[in-house]
Amino acid sequence: MKVYEGAVLSCDAEGSVRRYLAVEGGRIAYVGDALPERYARAERVALGEGAVCPAFADTHLHFMSHALFSNGLDLRQATSLAESIRTVREFAGSRRDKIVMGFGASAHSVAEGRLIERAELDLACPDRPVFIVKYDGHAAIANGAFLERLPEAARKARGFSPDTGFLTQEAFFRATDFATGTVSLPATLEGMLRTVDKMAAKGIGMIHSVSGVGFPADLDVSLERLFARGLRNELPYRIFFQTMEVKKVLKRGLPRIGGCFATALDGCYGSEDAALLLPYANDGSNRGVLYYDDARVAAFAQEANRAGLQIEMHAIGDRAFEQAVGALSAALKDCPREDHRHTIIHACLPTRAGLETCARLGIGIAVQPSFLHWEQEPLGYLESILGDRAYRISPLRAMRDLGITMSGGSDAPCTEPDPLRGIWAAANHYVAGESLSAQEALDLYTRNAAWTSFDEKERGSLEEGKVADLSFLDRNILAIPKAEIKDARVLGLALGGEPYEGGQGRASLLARALVSRRRT
């Protein structure tokens, strides 16, 4: 038995801050302001200037991709193309991977104001394939050696530009499949284990991963399920299968379907292919791209909803958002379900009518507040392509006031999984009137996150009887100016009342996975 004394941020329905938290047998035994006599002799831990809150969740990330890229070449900090070229050359010289893979190329964080191109990658690494995914995760740049090795289906797909090496839309998806398929299983597992430890260091005790890209026979879905079962620390790991093939999900016994890639309805702002109702401000002929027509999306939503699955779909632009809302509305009219928890991912430019429908039907929204202060996609760029619409992006206050349940995530590898950074961003929207309170922002990554995956009875708040999944902070983020939340730090993570233990090996992971019945 252990008692924590200090600022206990419960994240209950009232947003209570209590003085004492007692943990016994891996669960929360007591939360309150006066410690009962039965805990008088329990081990006491003083929080001091710090605080304890529910373990954070990340409700939308591409875990496998993040694991792959977070341990590889990273161009996000490059400030010029010359620096980017030098970084690629040095990284390629230090590694013997079949394909040199990297992440984070952006036109907005380098002095030249444009993306690195094929010719420059050929200069940096002429003899080995190079594949660099853009910061937004929806396009890539490749050198000649990589393009020559691409399967014919990728070279014939929409978005293939051999002169510049740019790969967008379907060509990007198929190139990603090809690239990730070259990584060995041991290297993949090592990367996953390192990545989950890094996320735990940020206080993340629950992961919502979108999976189903880049591996034959959807091996990544099977691998993530095995990984989740084999973790030494009992970290809840919820998989969303990125497919429109409902039968594949049912065959695996998964309760969730969707995400991005195969269930992305449009592109993104970085490639100017997010689907808009009105043209882009810098190109009157461009309204972006809808990957599917309305009938296809509606048919998918209807089939998945009838099957009792929870649905998530990516929609960035307002035209895609309307398509997602329309499809989910039609599916729920066809087969009403009171507690479906269908969710739209991103919803960066939602319509008011669509938001009102989400509120009425109980459709959630998985938001990524870190996008609001994103060095690789700054507000100035959004203004240049969207005009005044840039100031209607992610209207968090409007969503909250309508009663929509929002949950917080990173969309990693696009932004780093860092809930405190996301909480700060949500509480400090660049449109001040769309900011959330510190408590509301904290709820995105705790209380609301647990609700999003049907975990709220066990997790998401510090209440008696729930699992003692705890994040320890160096300060009470509810008692400081909202602008200072970004300076807060995570001191530790406990799962089931026990400190998170990093450094697990592959053998231990596989041995546990073979006997575990942990759900995903």
With the 8 Å Cα cutoff and a minimum separation of six or more residues, the chain has a relative contact order in percent of 20 percent
Among all the aspartates and glutamates, which ones have a C-alpha under 15 Å from LYS98's C-alpha, if same-chain residues fewer than 8 places away are not counted? ASP127, GLU148, ASP177
Check: C-alpha center the stretch 312-376 vs C-alpha center the stretch 474-515, spacing in Å is 30 Å
Using 0.36 nm per residue, how much length does the chain from ARG194 to LEU123 gain when fully extended, once their Cα-Cα distance is taken away? 22.4 nm
Going 7 Å from the Cα of GLU458 in the Cα-to-Cβ direction, what parts of the stretch 221-246 have a backbone nitrogen less than 18 Å from that spot? 225-240
Taking the Cα centre of the stretch 295-448 as origin, work out the dipole magnitude from +1 charges on Lys and Arg Cβ and -1 charges on Asp and Glu Cβ, in debye rounded to 20. 420 debye
Give me the dipole magnitude in Debye, nearest 20, for the chain about the Cα centre, with unit charges on the beta carbon: positive for Lys and Arg, negative for Asp and Glu. 1380 debye
Can you compute 3J(HN,Hα) from phi for each residue in the stretch 122-127, using the Karplus curve 6.51 cos²θ - 1.76 cosθ + 1.60 with θ = phi - 60°, rounded to whole Hz and x for Gly and Pro? 5, 5, 6, 8, x, 9
Please find the FRET efficiency linking THR357 to LEU379, where r is the Cβ-Cβ separation and R0 is fixed at 30 Å, and quote it to the nearest 0.05. 0.60
In debye to the nearest 20, how big a dipole does the stretch 67-180 give about its Cα centre with +1 on each Lys and Arg Cβ and -1 on each Asp and Glu Cβ? 220 debye
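Between GLU234 and ALA507, what FRET efficiency comes out of the Förster formula 1/(1 + (r/R0)^6) with R0 = 22 Å and r the beta carbon distance, rounded to 0.05?
0.70
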Using only Cα atoms, locate the centre of the stretch 71-131 and the centre of the stretch 134-163, then give the distance between them in Å, rounded to an integer. 15 Å
What is the stretch 401-484's relative contact order, in percent, from Cα pairs under 8 angstrom and six or more apart in sequence? 26 percent
Which of the peptides 343-352, 467-476, 230-239 is most tightly packed, and how do the rest follow, going by the mean number of other Cβ atoms within 10 Å of each residue? 343-352, 467-476, 230-239
Relative to the first principal axis of the alpha-carbon coordinates of the chain, what is the inclination of helix 294-306, with its axis defined by its Cα atoms, in degrees from 0 to 90 and to the nearest 10? 30 degrees
State the answer as a single residue: which of SER16, LEU73, TYR30 lies farthest towards the positive end of the charge dipole of the stretch 1-113, with beta carbon charges of +1 for Lys and Arg and -1 for Asp and Glu, about the Cα centre. LEU73
With label points built 7 Å along Cα→Cβ from the Cα atoms of ARG252 and ARG306, find their separation and express it in nm. 2.3 nm
Which of the lysines could a cross-linker span from LYS466 if the Cα-Cα distance has to be under 19 Å and same-chain partners fewer than 8 positions apart are dropped? LYS2, LYS457
Scan [x] 1.09; [y] 1.20; [z] 0.96 for the value of Cα Rg over 2.2 N^0.38 Å calculated from this model and give just the label. [z]
Mind checking the full-extension length gain between ARG155 and LYS98? Use 0.36 nm per residue of separation minus the Cα-Cα distance, one decimal, nm. 18.5 nm
List the relative contact order of the stretch 67-180 as a percent without decimals, with contacts defined as Cα pairs under 8 Å and 6+ residues apart. 21 percent
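Using the Cβ atoms and a cut-off under 15 Å, what net charge is assigned to the surroundings of GLN504, where Lys and Arg are +1 and Asp and Glu are -1?
Computed value for this residue: +2.
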Ranked from highest to lowest mean number of other Cβ atoms within 10 Å per residue, what is the order of the peptides 276-286, 442-452, 126-136? 442-452, 126-136, 276-286
Using r as the Cβ-Cβ distance of GLU83 and LEU219, and R0 as 35 Å, what FRET efficiency do you calculate, to the nearest 0.05? 0.45
Give me the net charge of SER94's neighbourhood, meaning all other residues with Cβ under 14 Å from the Cβ of SER94; Lys, Arg count +1, Asp, Glu -1. +2
With runs of 4+ DSSP H residues as the only contributors, calculate the mean residue ellipticity of the chain at 222 nm using -39,500 (n - 2.57) per run, divided by the residue total and rounded to the nearest 500. -9500 deg cm²/dmol
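A short reminder: the numbers here are calculations on the coordinates, not readings from a lab. As the structure is a computational prediction, the values presented were derived from the model and not from experiment. Neighbour counts run over all protein chains shown; Cβ positions are idealised from the backbone, glycine included.
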